Amino acid sequence: MTRGVNMYTLYALRGCVDQRDLPVLRDLLRDKDRITRMSVSDVLVDLGADGQKIVQERLSEVRDASEKLMLQDALSEAKRPEHRPILDYPLTDAERARIRGCH
C-alpha cells in the first residue's frame, strides 16, 4: 500500500489551520512520518512569510538529503509565478463538498 499527498489532502489540512497553529505545524515538521512532514511543509509555506520562515529554519537544521529536497521543493513552489494558494485550487463544488476538512 502506498500513501501520498494530493491537492485534496492539502486543501483539507489548509482549511483547518491558520497563523495560530504555526507552533503545532512547526512541531509536525519533525514528525516521524514523511507524508506528514511533506504535507505540513506545503501548508506552512502557504501560510505566508511566517510559515516559510519555519520551513527555512528546519531546512538549515536537517542533514538528510531527501529531507532537504522536500523542504526546498515546498519553498520553491511558493515562489513560482504561477503558484496558487492551496485554498484557491481549481476544484468543483462537488469536489469541495467531498473533502472532509474543517468547515
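What are the residues in the range 76-98 that are over 14 Å from MET38 (Cβ atoms), touching a residue at least 40 places away in the same chain (Cβ under 8 Å), of a type in the set (A, V, I, L, M) and part of a helix (DSSP H, G or I), if any?
Correct list: LEU87 only.
How many residues does the range 20-37 contain that are modelled with pLDDT under 95 and touching a Gly at 6+ places or on another chain (Cβ under 9 Å)?
Looking only at that region, the number is 1.
Looking only at the range 1-34, count how many residues are β-branched (Val, Ile, Thr) and more than 10 Å from the chain's Cα centre (by Cα). Explain how you work it out, then say what you get.
Step one: of the range 1-34, the residues β-branched (Val, Ile, Thr) are 2, 5, 9, 17, 24.
Subsequent filtering for residues that are more than 10 Å from the chain's Cα centre (by Cα) retains 2, 17, 24.
Here the count works out to 3.
Sort out for me the helices (runs of 4 or more DSSP H) sitting completely within the range 1-75 that have 2 or more residues that are over 23 Å from LEU87 (Cβ atoms).
Ranges flagged: 49-61.
Inspect all residues belonging to the range 84-91 and state whether any of them is of a type outside the set (D, E, K, R), farther than 21 Å from TYR11 by Cβ, over 13 Å from the mean Cα position of the chain (by Cα) and surrounded by fewer than 18 Cβ atoms within 10 Å (Cβ to Cβ).
no
ASN6 versus (1) within 20 Å of TYR89 (Cα to Cα); (2) surrounded by fewer than 14 Cβ atoms within 10 Å (Cβ to Cβ); (3) touching a residue at least 12 places away in the same chain (Cβ under 8 Å): which is the lone unmet condition?
Condition not satisfied by ASN6: (3).
How many residues does the range 1-36 contain that are within 13 Å of MET70 (Cβ to Cβ) and either touching a Leu at 6+ places or on another chain (Cβ under 6 Å) or of a type in the set (Ser, Thr, Tyr) (or both)?
Of the residues in the range 1-36, 1 are within 13 Å of MET70 (Cβ to Cβ) and either touching a Leu at 6+ places or on another chain (Cβ under 6 Å) or of a type in the set (Ser, Thr, Tyr) (or both).
Which pairs have Cβ atoms under 8 Å, sit 6 or more apart or on different chains, and link a residue in the range 47-59 that is within 14 Å of LEU69 (Cα to Cα) to one that is among the hydrophobic types (A, V, I, L, M, F, W, C) and part of a loop (DSSP other than H, G, I, E, B)?
Short answer, once both residue conditions are applied: VAL55/LEU29; ARG58/LEU29.
The values are calculated or read from the model by the stated rules, or taken from the named source; none is laboratory data. Computed from a predicted structure; not experimentally measured. Note that each Cβ is placed from the backbone with ideal geometry, even for glycine, and that neighbours are counted across all protein chains shown.
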